[in-house]
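Just below is one structure, and these are the notes that go with it.
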Amino acid sequence: MNLRDRLTKKNIIVGIISIFLIAFAIIQIYPLIWLLMFSLKDNAQIYGGNVMGLPTKFMWSNYKNALTSGNVWVYTVNSALVTAVTIVVSGIIGVMASYAIARMKWKLSNITLTIFLLGIMIPIHSALLPLFIILNKTKLINTPLALIIPYIAYALPMCIFVCVGFLRSIPKEMEESAFLDGCSIYRAFVSIILPLIKPAVATVSIFTYLQAWNELMFATTFIDDAKYKTLPVGIMSMSGQYSTEWGPIGAGLVIATIPTIIIYVLMSNQVQASLTNGAVKG
Amino acid sequence: MDKVLRDKKAICVFVLPAFLFFFAMVIIPIFMSGYYSLLDWNGMSKGIFVGLRNYIDLFTSYNNEFAKSLGNSLILAGLSVFIQLPISLTLALILARGIKGEKFYRTVYFIPVIISTVVIGQLWSKVYHYEYGIVNMFLRNFGLENLVRDWLGDKGTALICVFIVIVWQYIGYHMLLMYSSAKSIPEDLYEAAKIDGASELTTAFKITIPLMKPILNVCVTYAIVGSLKTFDLIWVLTGGGPLKSTEVPSTLMYNTIFFKNQFGYGSAMALFIVIECLVLTVVVQKIFKSESYL
């Protein structure tokens, strides 16, 4: 085979591979583009044979309808509140626990870590009914706390896993000299550890965001009141309300997805890392 | 200095908040579920202790619904391992060898992973819609009218249609895990293989894939465990119907507890799912350890 034959053969292979990759890119992304398109159409366009193509007239009113009469604005605010509180509280107490586990000297530190890490493996199914009963008894059911408290608890294992790993990888000398100068452990934690651990916290926060923003099983069980519904549950009830109108449902779905997409566009590498580092290191 | 790091009070201050949350919301509920699973209880009256009867009922009840739901989740596990993972692996191997647009493809394939399952579910219920869904539009345009059907409403097709969505959503996730692993293989190994005249395909099978064994282990475990506890997409797309044809253990558990008020029986299902996931994790580990050639 001469060089020219080999080059064309290579080109053909590269061509086939590229077609394969592009085909998969279309399969993975086309349904979402289709969603974006029908979110901008009215029923006349969808039922009139133009369900696949570009919208002929952009129906921004679908978005207004979804946000107001479809309640999506309320659901978005609820989701934002629940997610933000979960990220902040689980981040703070998770980093604190990680510090004690990774740096301080006590007999039970390893077993404590093991217990927290087991939490990564345990399906939330086992807690659904007991939590429902506990939340009912404590009158927390149907309030935002019914989601925030369990979400914080279930965010902790991954937070501790990542932060302990991170803390173990940074040298101890920095705190040691501070202690010799008479610095208290709390001061060392706040002024030395917290600034250092930011990258790990960023990774964990993205992970916690995705979990809390998208969670369905707890949200559908613990919240019944439309006032407190988060997006996943709210959108399910909205689709019942608008079962014959695709436009506003599509708009609601797009609105629920926009924050995630913005985060992904701004930091796709960190998002990918936050979802995979548990697996790669573990 | 050691004294500072052994300060019991400080340790408590640091660990207790997280531990209390975790203990109250994760640990205690498991034991509560374990206890409930031994009761005949409707949530209202006082539960009656029945020992392991609920667990026996899982497999001996007259309609066999739990065994069927378990079978469905195992079909999903099979599809994930034998269809989804090979697709992910192929994509990962191609991208890891460096191709134009590597980052673009990686970014696009991963998008469905981060989107809420409710959004994905609602979207696909439109894709499968009888009148205006993409699938039926496509079939009508190509003159395949006889294949047009109500994909999610038909007992024969609902299960596979739901599973296709689950498999579709997580292709990018496994692809990325495998990609990171393949990328971390030192370039010299590829150079050496090239010098020895190995083709790209041989290199993939003899060098890359064997070195990716740890991550393949993780992927197989995730694919199986994820299938066994799958809930969201089925809940959104079919709720377990039509006629229970898409029921999996977790949707059946939900229906049993919250619609039939069989708290004890439903808790036995919950515990079964937990134990099943832990056991299969161990089994997969063992298989990967024994298959030394893989």
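What's the total number of residues in the range A:60-111 that are within 23 Å of the chain's Cα centre (by Cα) and outside any helix (DSSP H, G or I)?
1
Looking at A:P123 and the list (1) touching a residue at least 40 places away in the same chain (Cβ under 8 Å); (2) open to solvent by less than 30 Å² (accessible area, probe 1.4 Å); (3) within 28 Å of A:V233 (Cβ to Cβ); (4) of a type outside the set (F, W, Y), which single condition is not satisfied?
Of everything listed in (1) touching a residue at least 40 places away in the same chain (Cβ under 8 Å); (2) open to solvent by less than 30 Å² (accessible area, probe 1.4 Å); (3) within 28 Å of A:V233 (Cβ to Cβ); (4) of a type outside the set (F, W, Y), A:P123 misses just condition (1).
Tally time: how many residues in the range B:216-226 are in contact (Cβ under 8 Å) with a residue 60 or more places away in the chain and within 12 Å of another protein chain (Cβ to nearest Cβ)?
Residues in the range B:216-226 being in contact (Cβ under 8 Å) with a residue 60 or more places away in the chain and within 12 Å of another protein chain (Cβ to nearest Cβ): 7 in total.
Within the range A:147-166, how many residues are within 11 Å of chain B (Cβ to nearest Cβ) and closer than 23 Å to A:I134 by Cβ?
Matching residues across the range A:147-166 total 12.
Output the qualifying pairs, or none if there are none: Cβ atoms under 8 angstrom, residues six or more apart or on different chains, first residue in the range A:142-167 and in the same structural domain as A:F189 (by TED's automatic domain parsing) and at positive phi, second residue in a helix (DSSP H, G or I) and open to solvent by 10 Å² or more (accessible area, probe 1.4 Å).
Every condition considered, the pairs that remain are A:N142/A:Y228.
Has the range A:229-240 got any residue that is at pLDDT 95 or above, within 29 Å of A:L145 (Cα to Cα) and open to solvent by 20 Å² or more (accessible area, probe 1.4 Å)?
For the range A:229-240, residues at pLDDT 95 or above, within 29 Å of A:L145 (Cα to Cα) and open to solvent by 20 Å² or more (accessible area, probe 1.4 Å): present.
Are there any pairs with C-beta distances below 6 angstrom linking a residue in the range A:99-119 that is at the interface with chain B (Cβ under 7 Å from one of its Cβ atoms) to a residue that is of a type in the set (F, W, Y), with the two at least 6 apart or on different chains, and if so which?
That search, which allows pairs on different chains as well, returns A:Y99/A:F189; A:Y99/B:F14; A:A100/B:F14.
Of B:G156, B:G143, which residue is over 27 Å from B:W235 (Cα atoms), part of a loop (DSSP other than H, G, I, E, B) and open to solvent by less than 70 Å² (accessible area, probe 1.4 Å)?
B:G143
Which of (1) of a type outside the set (S, T, N, Q); (2) open to solvent by less than 30 Å² (accessible area, probe 1.4 Å); (3) in a helix (DSSP H, G or I); (4) closer than 26 Å to B:G156 by Cα is the odd one out, the single condition B:A270 does not satisfy?
(4)
Among the residues of the range A:161-185, write down those that are among the small types (G, A, S) and either outside any helix (DSSP H, G or I) or surrounded by 12 or more Cβ atoms within 10 Å (Cβ to Cβ) (or both).
Of everything in the range A:161-185, those that are among the small types (G, A, S) and either outside any helix (DSSP H, G or I) or surrounded by 12 or more Cβ atoms within 10 Å (Cβ to Cβ) (or both) turn out to be A:G165, A:S177, A:A178, A:G182, A:S184.
Looking at B:N54 and the list (1) within 30 Å of A:N110 (Cβ to Cβ); (2) in contact with a Ser or Thr (Cβ under 7 Å, 6 or more places away or on another chain), which single condition is not satisfied?
(1)
Quick one: B:K100 ticks every box in (1) of a type in the set (D, E, K, R); (2) over 22 Å from B:S69 (Cβ atoms); (3) more than 9 Å from chain A (Cβ to nearest Cβ) bar one, so which box is it?
For B:K100, the exception is condition (3).
If I ask for residues that are out of contact with any Phe, Trp or Tyr (no Cβ under 7 Å at 6 or more places or on another chain), within 10 Å of A:M96 (Cβ to Cβ) and facing chain A (nearest Cβ under 7 Å), which ones from the range B:11-28 would you list?
B:V15, B:P17, B:A18
Could you look through the range A:241-258, keep only residues that are more than 9 Å from chain B (Cβ to nearest Cβ) and either open to solvent by less than 40 Å² (accessible area, probe 1.4 Å) or touching a residue at least 60 places away in the same chain (Cβ under 8 Å) (or both), and pick out the one that is farthest from A:N71 (Cα to Cα)?
Applying the filter and picking the extreme gives A:T244.
With A:I93, A:I27, A:I17 as the choices, which residue is facing chain B (nearest Cβ under 8 Å) and touching a residue at least 24 places away in the same chain (Cβ under 8 Å)?
A:I93
With the requirement that a residue be among the small types (G, A, S) and touching a helix residue (DSSP H, G or I) at 6+ places or on another chain (Cβ under 8 Å), what does the range B:1-53 give you?
B:A10, B:A18, B:A24, B:S33, B:G34, B:S37, B:G43, B:G47
Restricting to the range B:205-215, and then to whatever is surrounded by fewer than 20 Cβ atoms within 10 Å (Cβ to Cβ) and touching a residue at least 12 places away in the same chain (Cβ under 8 Å), can you tell me which residue is nearest to the other protein chains (Cβ to nearest Cβ)?
Of everything passing the filter in the range B:205-215, B:P214 is nearest to the other protein chains (Cβ to nearest Cβ).
Which numbered condition in (1) under 30 Å from B:K103 (Cβ atoms); (2) within 14 Å of another protein chain (Cβ to nearest Cβ); (3) of a type outside the set (A, V, I, L, M, F, W, C) is the only one that B:S125 fails?
All conditions are met except number (1).
Could you check the range A:129-144 and list, in sequence order, the residues that are more than 7 Å from every other protein chain (Cβ to nearest Cβ) and outside any loop (DSSP other than H, G, I, E, B)?
Selection gives A:F132, A:I133, A:I134, A:L135, A:N136, A:K137.
Which members of the range B:262-294 meet the condition of being touching a residue at least 60 places away in the same chain (Cβ under 8 Å), away from every other protein chain (no Cβ under 11 Å) and polar (S, T, N, Q)?
B:Q285
The values are calculated or read from the model by the stated rules, or taken from the named source; none is laboratory data. Because the structure is predicted, anything quoted here is derived from the model rather than measured. Ideal geometry is used to build each Cβ from the backbone, glycine not excepted, and the neighbour counts take in all protein chains shown. To get the accessible areas, we keep the full protein, side chains included, count just its heavy atoms, and leave off ligands, DNA and RNA. Shrake-Rupley method; radii C 1.70, N 1.55, O 1.52, S 1.80 Å.
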